[in-house]
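The values are calculated or read from the model by the stated rules, or taken from the named source; none is laboratory data. Everything numeric here is computed off the predicted structure, so don't read it as measured data. Methodologically, a virtual Cβ is constructed for each residue, glycine included, from the backbone with ideal geometry; neighbour enumeration extends over all protein chains shown.
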Amino acid sequence: MFISLLKVKFDGNINNKLPHSGTSIFAVMTALAQQHKAINLAQGFPDFDCSDELKALVHEAMKEGYNQYAPMPGLMALREAIAAKTEELYSAVYNPDTEVTIVPGATLGIFAAITAMVKENDEVIVIEPAYDSYIPSIELAGGKAIVYEMQFPEYKIDWEQVKKLISIRTRMIIINTPHNPTGAIFSSEDMKKLEKLILNTDALILSDEVYEHILFDGFEHQSVARYPRLANRSIIISSFGKTYHTTGWKMGYILAPENITAQIRNTYQFMAFAANTPIQHAYTRILKDKDLYLGLGQFYQQKRDLFRKGLKGSSFKLINCNGSYFQSVIYDKISNLPDTEMAKYITVEKGVAAIPFSAFYKRRTDHKVLRFCFAKSEETLNKALEILCKL
């Protein structure tokens with residue numbers, strides 16, 4: 001006897017909490033690159049492997065039996081190592097017990113921080129172009145994103161204009177340095193202006209610092225941790241994936257004062273509870289080798305320089321890149337296509353995938369700019385350059 005089980009479509013009301021958000025542009029362009037076998041300079045991940053030593057440390061931790069839940073805030077030894085590293089680099093003291101939290105990826109850390117601190121009708125100032133997770137996270141928390149667009153093409157911030165956006169409802173300002181997608185970095189003057197800007201407000205700072213070790217030409221990372229009056233109201237998000245070429249492991253951490261951390265942990269525990277245990281043990285051990293993160297800027301500067309030098313004879317106009325592993329270019333001398341169409345065109349027709357800048361704007365601002373990721377092998381970059389220089 002066969003019983004037919006028919007699928008019946010649910011016709012009830014489904015409330016779309018993100019009606020203006022479709023599939024992430026990173027997923028779209030990566031899928032397109034895979035479909036057309038294009039060189040993927042779109043999504044921000046290396047095409048080379050992490051160190052054999054790090055993989056061995058994960059395996060070692062697994063063999064030692066570290067395969068069950070870690071403590072919710074993360075392994076104490078790892079939190080201690082992060083606190084020590086932060087103090088050494090930025091002269092900032094964070095209590096590893098109450099002010100350092102390990103999370104499954106920086107994006108989840110951003111989401112946890114926003115969900116914990118932003119309530120309905122709160123306003124959050126977002127400096128655009130911006131990583132595309134910020135605004136959906138704000139909207140899911142019931143908040144409202146107030147956007148400020150950086151000055152094109154230098155991508156500088158006019159802090160007096162930002163000041164005009166602050167109101168009694170401003171709960172948070174999100175900053176990102178080194179900056180994705182532009183490659184710009186905050187100067188000490190920027191940080192001092194920000195410090196002055198929020199002096200008589202209740203605004204918190206969410207500082208996305210996932211590229212903190214990837215700066216070029218002798219520049220130093222201006223973490224909010226360096227500035228005590230900022231640090232006491234700031235949430236810092238950082239990433240192991242960007243530092244150790246392990247984006248697929250989805251591991252990051254949050255630094256924040258104790259009272260703020262308590263609220264974030266209260267929310268985070270219902271999102272993931274704990275991050276991957278053996279990987280936490282591996283990072284704890286590899287953090288002892290300071291050269292791996294202290295030398296990261298020079299490692300990526302060689303790739304940046306190769307990519308920029310290769311594009312100099314092309315019709316692309318290079319935008320300054322002082323940090324991150326992204327090189328952005330203006331293509332208006334090549335085509336009048338909207339940037340999304342241009343990104344799709346060079347992926348499908350030419351075989352190199354990029355990210356259109358309009359995806360980083362709430363208003364889909366289009367300055368004819370594309371973002372390329374140069375966290376790739378020299379062979380990959382040279383193949384891409386050969387194609388791009390013919391456009």
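I'd like the full set of residues that are under 19 Å from VAL124 (Cβ atoms) and buried (at least 24 other Cβ atoms within 10 Å of the Cβ), limited to the range 235-260.
ILE235, ILE236, ILE237, ILE254, ALA256, listed by residue number.
Do any residues in the range 286-302 that are assigned to a loop (DSSP other than H, G, I, E, B) and of a type in the set (Lys, Arg) have Cβ atoms under 9 Å from those of residues that are surrounded by fewer than 13 Cβ atoms within 10 Å (Cβ to Cβ) and at pLDDT 95 or above, where the two are at least six apart or on different chains, and which pairs are they?
LYS290/GLU88
Checking TYR134 against (1) touching a Ser or Thr at 6+ places or on another chain (Cβ under 6 Å); (2) buried (at least 20 other Cβ atoms within 10 Å of the Cβ), which test does it fail?
Of the numbered conditions (1) touching a Ser or Thr at 6+ places or on another chain (Cβ under 6 Å); (2) buried (at least 20 other Cβ atoms within 10 Å of the Cβ), the odd one out for TYR134 is (1).
Of all residues in the range 147-172, how many are in a loop (DSSP other than H, G, I, E, B) and crowded, with 17+ Cβ neighbours inside 10 Å?
4
Taking the criterion of being under 29 Å from PRO228 (Cβ atoms), outside the structural domain of PRO178 (by TED's automatic domain parsing) and of a type outside the set (Ser, Thr, Tyr), would at least one residue in the range 315-326 satisfy it?
yes
In the range 226-248, what count of residues is obtained for those that are in contact with a strand residue (DSSP E or B) (Cβ under 7 Å, 6 or more places away or on another chain) and farther than 17 Å from ILE102 by Cβ?
Count: 3.
For the range 1-115, please list each of the helices (runs of 4 or more DSSP H) lying entirely inside it that holds at least 3 residues being in the same structural domain as ALA353 (by TED's automatic domain parsing), touching a helix residue (DSSP H, G or I) at 6+ places or on another chain (Cβ under 7 Å) and touching a residue at least 24 places away in the same chain (Cβ under 8 Å).
Correct list: 25-35.
Considering every residue within the range 194-215, establish whether at least one is surrounded by fewer than 24 Cβ atoms within 10 Å (Cβ to Cβ), farther than 21 Å from ALA130 by Cα, out of contact with any Gly (no Cβ under 8 Å at 6 or more places or on another chain) and touching a residue at least 40 places away in the same chain (Cβ under 8 Å).
No, there is no match, as no residue in the range 194-215 is surrounded by fewer than 24 Cβ atoms within 10 Å (Cβ to Cβ), farther than 21 Å from ALA130 by Cα, out of contact with any Gly (no Cβ under 8 Å at 6 or more places or on another chain) and touching a residue at least 40 places away in the same chain (Cβ under 8 Å).
Out of the residues in the range 173-193 that are in contact with an Asp or Glu (Cβ under 9 Å, 6 or more places away or on another chain) and small (Gly, Ala, Ser), which is surrounded by the fewest Cβ atoms within 10 Å (Cβ to Cβ)?
Per the stated criteria, the residue is SER188.
Out of GLU128, GLU88, GLU53, GLU123, report the one residue that is touching a Ser or Thr at 6+ places or on another chain (Cβ under 6 Å), among the acidic types (Asp, Glu) and at pLDDT 95 or above.
Of GLU128, GLU88, GLU53, GLU123, the one residue that is touching a Ser or Thr at 6+ places or on another chain (Cβ under 6 Å), among the acidic types (Asp, Glu) and at pLDDT 95 or above is GLU123.
Can you name every residue in the range 355-383 that is at positive phi and in contact with a strand residue (DSSP E or B) (Cβ under 8 Å, 6 or more places away or on another chain)?
LYS368
Evaluate the following for ILE110: is it among the aliphatic types (A, V, I, L, M), surrounded by 22 or more Cβ atoms within 10 Å (Cβ to Cβ), within 17 Å of the chain's Cα centre (by Cα) and under 18 Å from ALA225 (Cβ atoms)?
Judged against the criteria, ILE110 is a match.
Can you tell me which residue within the range 355-370, out of those that are in contact (Cβ under 8 Å) with a residue 60 or more places away in the chain and farther than 14 Å from ASP332 by Cα, is surrounded by the most Cβ atoms within 10 Å (Cβ to Cβ)?
Across the range 355-370, the extreme among qualifying residues is ILE355.
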